[in-house]
Amino acid sequence: MSKATLKFIRLSPTKARLIAKEVQGMNAEYALASLEFAPNKAAGIISKVIASAVANGDYEPEEVEVISCRVDKGPVLKRFRPRARGSASRILKPTSHIMVEVGPAKKDETTKKTTKKDA
């Protein structure tokens, strides 16, 4: 099992969690392929973290599956924008921490049951 972490990325954790849920339990190769064509900013970032986790364990993407993909909330950058009549409004710029664990894929042992037909 190998891990990769990306901290303080300027991305909303709520938006990143939507993508992280889709990837959990997938084969790493299939996850990287599906994230490549997703139109979200989070998809590109999470795919890089998955690729890093695969490389950290000296694995090939076909051999491993994504055990867990977790997105935690990071610190929030607080900014102000001037508004009418000398007031200001607050702008919150969230950050997130992305943690990915990959491990060897579990092989499904399916036994085929054969039944004899009565003649």
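The values are calculated or read from the model by the stated rules, or taken from the named source; none is laboratory data. What you are looking at is a predicted structure, and each value in this text was computed from that prediction instead of being measured. In this analysis, Cβ positions are derived from the backbone assuming ideal geometry, glycine residues included, and neighbour counts consider all displayed protein chains.
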> Where residues in segment 3-25 are assigned to a helix (DSSP H, G or I) and among the β-branched types (Val, Ile, Thr), which of them is surrounded by the fewest Cβ atoms within 10 Å (Cβ to Cβ)?
Replying inline: Thr14
> Taking interchain pairs and intrachain pairs at least six residues apart, which have beta carbon atoms under 7 angstrom, with the first residue in segment 2-21 and β-branched (Val, Ile, Thr) and the second assigned to a loop (DSSP other than H, G, I, E, B)?
Replying inline: Ile9/Thr95; Ile19/Ala38; Ile19/Asn40
> Assuming Leu35 fulfils every condition listed in (1) surrounded by 15 or more Cβ atoms within 10 Å (Cβ to Cβ); (2) under 18 Å from Glu65 (Cα atoms); (3) touching a Gly at 6+ places or on another chain (Cβ under 9 Å); (4) touching a residue at least 24 places away in the same chain (Cβ under 8 Å) apart from one, which condition is it?
Replying inline: (4)
> Can you tell me which residues in segment 1-59 are aromatic (Phe, Trp, Tyr) and farther than 30 Å from Lys78 by Cβ?
Replying inline: Tyr30, Phe37, Tyr59
>> For the list (1) at pLDDT 95 or above; (2) surrounded by 12 or more Cβ atoms within 10 Å (Cβ to Cβ); (3) farther than 21 Å from Ala16 by Cβ, I need the number of the one condition that Ile50 fails.
In response: (3)
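Residues in segment 74-81: is at least one within 24 Å of Glu22 (Cα to Cα), in contact (Cβ under 8 Å) with a residue 24 or more places away in the chain and surrounded by 10 or more Cβ atoms within 10 Å (Cβ to Cβ)?
Within segment 74-81, one or more residues are within 24 Å of Glu22 (Cα to Cα), in contact (Cβ under 8 Å) with a residue 24 or more places away in the chain and surrounded by 10 or more Cβ atoms within 10 Å (Cβ to Cβ).
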> Which members of segment 6-37 meet the condition of being aliphatic (A, V, I, L, M) and under 12 Å from the mean Cα position of the chain (by Cα)?
Replying inline: Leu6, Ala16, Leu18, Ile19, Ala20, Val23, Met26, Ala28, Ala31, Leu32, Leu35
